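Structure record follows, encoded as structure tokens.
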Amino acid sequence: MKRFFLTLFLGFLLLASPVSIRAKSIDDQLRDIQHQLDMLAKALAPLESEYNQLQTKIQASQRHITNIRVMMHQLDQHLLDKEADLAVKKIILAQKARRYYINLQKFSPLDIFLNSHSSQEIVFQFGWYHAVLAQNRQAIQNVSQELTRLNQQKLQLAHEKNQLAQLQKKFQQRAHFLAGEISKAHQYRAMLTQKQEELIRQKTEMFTTSVGETPPVQDACAGAPGSSNFCSPGFRPAFAAFSFGAPHRKGMSQYGAYGRAKKGQDYQQILRAYYGNIHLETINSPTTIATAIGSLPFENNYLLGIAEMPSDWGNKGGYAALKAQAVAARTYALAYTGWRRNSPTIKKSICTSENCQVYSRSKASNPPDVWRRAVRETRGQILVSNQTQEIISSWYASTAGGAIYSYHESVAGHITPHLWDTTCNNQSCWPQEAYENIAGSPWFYKGWYKNRSGKSCGRSQPWLNQDEMADILNAIIVYQHDRGAISHLSQVDSCWGSIPDTWSQSRLRQEADKYGGHITNINSVSVRYSSGGYTQEITFQTNRGSLTFSGDDFKQIFNLRAPGAIHLTSRLFNIIRY
């Protein structure tokens, strides 16, 4: 019955869910998914319990079978010993019986009577033979009986072993079936969880990973106190989270390259800084490249249309950055399409969106002179790993917050460096002397309160009042003690639609009281940064005393619980009390 129920349940969900998800609003989708997850959890619970019990029984039966095997082995040894003993006793008995018979033939009753002087000795001798033979016969009988008992015991153990083996087989068959059903259920739950994450990402979607052709402008009111785009929240105390860069922070930082160019570095220095142990090699570029919009001339069209860095940077001290971008874009395109040094042909197409790298038809047809010159002067130049002597996959993004993560790229197996992208080449002069800060990246240090489409849920700045910030801390306290509570810790406002089973602020305070009390007042906050380029700890002085949270826990819960579109884009961030 359980098998039929779960199979029918999963079949219904798998057939019905995709249609309903496409047809319903985000809020309805979230409610449906949560409902399905709850139903799935209820269906899984008894099966997982039975599966665990079966595993225990299988282990117990296996131990019993092992013990029986040991006992049977010992019994076999005992039987061999007894059979050998019996054989010896039979031989001795036969020899004694033969001697008795021979002696018996030497004398007759008449001889005994006529030789009366020796009759007493003869009678004693025959009596002794009778006693010895009787004793040997009894010993043989005892051994035979023990052999019979041992053989019966062996048969009983063999029977028990067979029964256990059959029972274990049934357990294993049932456990195998349950494992398959549970696996299907977990796969479906993973699909639902992924869909839920995709829906939530729609609320906190981030900007493009690259700068683009047109330089961005600073968001009003997204700056920290003292900056040109700071706006007073209008209440005190106020709290805000400011991200350093985003999103993947690997490979070349475009604003960092711009800052390095403004400081006098040439394009080769810039590329080596970000990609490490590489050299530039000039190749005969392929004539064309396959793209999602058709085959395009490679050097004379495709690369001219790459719209990943503002061309006007070339006229503002950033020409070396444009050349570095041209080499990185050429290298990325060839590596992506399967071009290799020992197999220099295009093997697959590349998309023309930011999912690969952006190509603009209009820019290709009329490229700015400074960009045309950067492509022409680096014609055929690609990045080759000194470690593997193969072309690398040259990642890049707009802003990394002054700290670049190392990555192990998949084409050549090349490892890029981890670095503090600063004028002092370490953390000591960060963040002031970060090259991105020098270049004026609007994403270097920013409080995010809008999503990509500009939706802000009515908020005009990233600041939270004390009740809102205390609520986030209460959520982290609960999460630290009960990871399973995360499904209840989403934001409570209605901008994106309510998520089922989300705890209100009052309910969350009650939950936090289970773990030492809830937060009401926050007096100060301090942040500690790791040399690895991420926020390691945040310490709050509260009505409960000093509380320290890991940076990753804080970021995860902050992005779930913070109201509106307020969120962190990077693992490297700061918290301010104003």
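The values are calculated or read from the model by the stated rules, or taken from the named source; none is laboratory data. What you see is a predicted model, and the numbers here were worked out from it, not measured in a lab. All Cβ positions, even for glycine, are placed from backbone atoms using ideal geometry, and neighbour counts span all protein chains on display.
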Going through region 301-350 in order, the residues found to be crowded, with 24+ Cβ neighbours inside 10 Å, in a loop (DSSP other than H, G, I, E, B) and under 32 Å from the mean Cα position of the chain (by Cα) are GLU308
Within region 260-298, how many residues are surrounded by fewer than 18 Cβ atoms within 10 Å (Cβ to Cβ), of a type outside the set (A, V, I, L, M, F, W, C) and touching a Gly at 6+ places or on another chain (Cβ under 8 Å)?
-> 2
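Between GLY484, GLY458, which is surrounded by fewer than 19 Cβ atoms within 10 Å (Cβ to Cβ), free of Cβ contacts under 8 Å to residues at least 40 places away in the same chain and more than 18 Å from LEU568 (Cβ to Cβ)? Lay out the reasoning, then the answer.
Values: GLY458 fails: free of Cβ contacts under 8 Å to residues at least 40 places away in the same chain.
Unique residue meeting the criteria: GLY484.
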May I ask you to list pairs of residues, at least six apart or on different chains, whose Cβ atoms are under 9 Å apart, with the first in region 489-512 being on the phi > 0 side of the Ramachandran plot and the second being outside any helix (DSSP H, G or I) and surrounded by 15 or more Cβ atoms within 10 Å (Cβ to Cβ)?
-> ASP501/SER490
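To keep it simple, each residue is scored yes or no on (1) in contact with a Ser or Thr (Cβ under 6 Å, 6 or more places away or on another chain); (2) part of a loop (DSSP other than H, G, I, E, B).
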site: GLY533; (1), (2): no, yes
site: GLU537; (1), (2): yes, no
site: PHE554; (1), (2): no, no
site: ILE557; (1), (2): no, no
site: LEU560; (1), (2): yes, no
site: ILE575; (1), (2): no, no
When you look at GLU281, is it charged (D, E, K, R) and over 23 Å from ASN315 (Cβ atoms), yes or no?
-> yes
The one condition TRP496 fails out of (1) part of a loop (DSSP other than H, G, I, E, B); (2) surrounded by fewer than 19 Cβ atoms within 10 Å (Cβ to Cβ) is (2)
Got a sec? Which of VAL370, VAL384 is within 24 Å of TYR274 (Cα to Cα), in a helix (DSSP H, G or I) and assigned by TED's automatic domain parsing to the domain that holds ILE270?
-> VAL370
Looking only at residues in region 351-371 that are surrounded by fewer than 16 Cβ atoms within 10 Å (Cβ to Cβ) and among the charged types (D, E, K, R), which one is farthest from THR337 (Cα to Cα)?
-> ASP369
Filter result (outside any strand (DSSP E or B), touching a Ser or Thr at 6+ places or on another chain (Cβ under 8 Å) and of a type in the set (S, T, N, Q)) within region 219-262 = GLN254
